[in-house]
Amino acid sequence: MLAGEFYIADDPELAADALHAAELSEKFNTSPAADPQTRRAALAELLGELGEGTEVRPPLRVDYGYRISIGPRTFVNFGAVLLDVGRIDIGADVQIGPHVQLLTPTHPIDPEQRRAKWEAARPITIGDNVWLSGGAIVCPGVTIGENTVVGAGAVVTRDLPANVVAVGNPARVVREI
């Protein structure tokens, strides 16, 4: 899994990691709004890296958590789904709208391999100062360049360069910034 190769997801070690992430996610997602220190501590324990001044609003859903890096001063709105079978690297000063999904898992096209429960993952990288509008979906293996804006509901299936606006399904560049 860590090398990006096909693996069987019900491995006992992965199951233990997923349970640990579920417990930490529950702690984060149910922490009192009036107790930001407890909320931040749970999030810092869940994620691989949490930048200074970053705010993540619950609920947050992850696979493992420790494969996610979020840079400083980033804002993640309600309902983010960050499936971190592969690494997810989010830069500094990123704005992530409500219900955004960053999805690293992939599954074989071959039906027999899928039936056998094989899966893999490809990393996602979000550059500095990116804005992912509400409901955007970023697919496995995508890199989004700095300062890029992704429109609401867009499905990003391919890399996006820096300094553009992209919209639609699949997302396409509609203008340069």
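Here is how the numbers come out for the structure above:
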quantity	calculated
Rounded to 5, the percent of DSSP beta bridges in the stretch 53-164 classed as antiparallel	5 percent
Residue range of the chain that is longest and free of GluC sites (Glu not before Pro) which are both DSSP loop and sparsely packed (at most 10 other C-beta within 10 Å)	53-177
Modelled FRET efficiency - R0 30 Å, residue 30 with residue 169, Cβ distances, 0.05 increments	0.35
For a label point 7 Å along the Cα-to-beta-carbon line of residue 158, residues of the stretch 69-112 with backbone N under 11 Å	none
Phi to ³J(HN,Hα) by Karplus 6.51 cos²θ - 1.76 cosθ + 1.60 over the stretch 69-79, Hz, x for Gly, Pro	10, 10, x, x, 6, 8, 10, 10, 7, 4, x
Alpha-carbon Rg/Rh ratio, for the stretch 41-132, with Rh computed the Kirkwood way	1.04
Per-pair calculated FRET efficiency, R0 = 22 Å: residue 45 and residue 14 via Cβ, rounded to 0.05	0.70
Solvent-accessible area, 1.4 Å probe, carbon plus sulfur percent, for the chain	54 percent
Hydrodynamic radius by Kirkwood, which averages 1/r over all alpha carbon pairs of the chain, in angstrom	16.5 Å
Accessible area per residue in Å² at 1.4 Å probe, computed on the stretch 53-177	45 Å²
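The values are calculated or read from the model by the stated rules, or taken from the named source; none is laboratory data. Small disclaimer: the values here were computed from a predicted structure and weren't measured. Every residue, glycine as well, gets a Cβ built from its backbone with ideal geometry; the counts of neighbours run over all protein chains shown. Keep in mind that these areas ignore ligands, DNA and RNA; they rest on the heavy atoms of the full protein, side chains included. Shrake-Rupley method; radii C 1.70, N 1.55, O 1.52, S 1.80 Å.
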